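The values are calculated or read from the model by the stated rules, or taken from the named source; none is laboratory data. Since the structure is predicted, the reported quantities are computational estimates derived from the model, not experimental observations. Don't worry about glycine lacking a Cβ; one is built from the backbone with ideal geometry, like all the others, and counts go over all protein chains shown.
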Amino acid sequence: MGREYEGLPEAGERLEALVAYIGHNTDRDLSREVLAEVAGYSVPHLHRIFTGELGENIADYVRRVRLERAGRKLRMGAVDISQVALAAGYQTHTAFSRAFKRHFGLSPSAFRQLGCAAATALLRDGRNR
């Protein structure tokens, strides 16, 4: 995040703070509007900066972070997939399962059956998609 944007030398610092905010608040409303307010930018400007710097748009980034956190919860033994789904911001078990499978290639229940090493490897590889 070292690039500077036209007259905005603090853009990298703002994005680092925003990424930290997202990581610590995955159970909250992380809409583009909320995140733009947290970063102190307009929605379109934040979208340009975020996508340019991180290579993915804000919605995809938030979705990925939430799914990876859900995967870690499942790896650690979370029993109720519906509660994991709600904590990840999904209204239904079905929507969560579909997104999880699209991201990791396995359903949440199949992921939960993996050994710790295999699940950890999948979580690590999922970050590089």
Pick from segment 31-68 the residues that are touching a Lys or Arg at 6+ places or on another chain (Cβ under 8 Å) and outside any helix (DSSP H, G or I): which of them is surrounded by the fewest Cβ atoms within 10 Å (Cβ to Cβ)?
Gly40
Among the candidates Arg112, Arg69, Arg98, residue that is of a type in the set (Lys, Arg), at pLDDT 90 or above and either more than 30 Å from Gly12 (Cα to Cα) or in the same structural domain as Asn25 (by TED's automatic domain parsing) (or both)
Arg98
Contacts under 8 angstrom Cβ, first residue in segment 90-105 being free of Cβ contacts under 8 Å to residues at least 60 places away in the same chain, partner among the aromatic types (Phe, Trp, Tyr) and outside any helix (DSSP H, G or I), 6 or more apart
Phe96/Tyr90; Ala99/Tyr90
Pairs only if they're at least six apart or on different chains, beta carbon under 8 angstrom, first in segment 12-36 and touching a residue at least 40 places away in the same chain (Cβ under 8 Å) and within 19 Å of Ala87 (Cβ to Cβ), second in a helix (DSSP H, G or I) and of a type in the set (Ser, Thr, Tyr); list them, first residue then second.
Ile22/Tyr61
Filter result (exposed (fewer than 12 other Cβ atoms within 10 Å of the Cβ) and among the aliphatic types (A, V, I, L, M)) within segment 77-89:
Val79
Yes or no: segment 90-109 includes at least one residue that is within 23 Å of His24 (Cα to Cα) and surrounded by fewer than 11 Cβ atoms within 10 Å (Cβ to Cβ).
yes
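Regarding segment 74-84, can at least one residue be identified that is among the basic types (Lys, Arg), in contact (Cβ under 8 Å) with a residue 24 or more places away in the chain and outside the structural domain of His24 (by TED's automatic domain parsing)? I'd like the intermediate steps shown before the answer.
First, pick out the residues of segment 74-84 that are among the basic types (Lys, Arg): 75.
Next, only the ones that are in contact (Cβ under 8 Å) with a residue 24 or more places away in the chain stay: 75.
Now narrow it down to the ones that are outside the structural domain of His24 (by TED's automatic domain parsing): 75.
Yes, that holds for at least one residue.
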Does at least one position in segment 111-123 carry a residue that is out of contact with any Lys or Arg (no Cβ under 8 Å at 6 or more places or on another chain), surrounded by 13 or more Cβ atoms within 10 Å (Cβ to Cβ) and closer than 17 Å to Thr26 by Cβ?
no
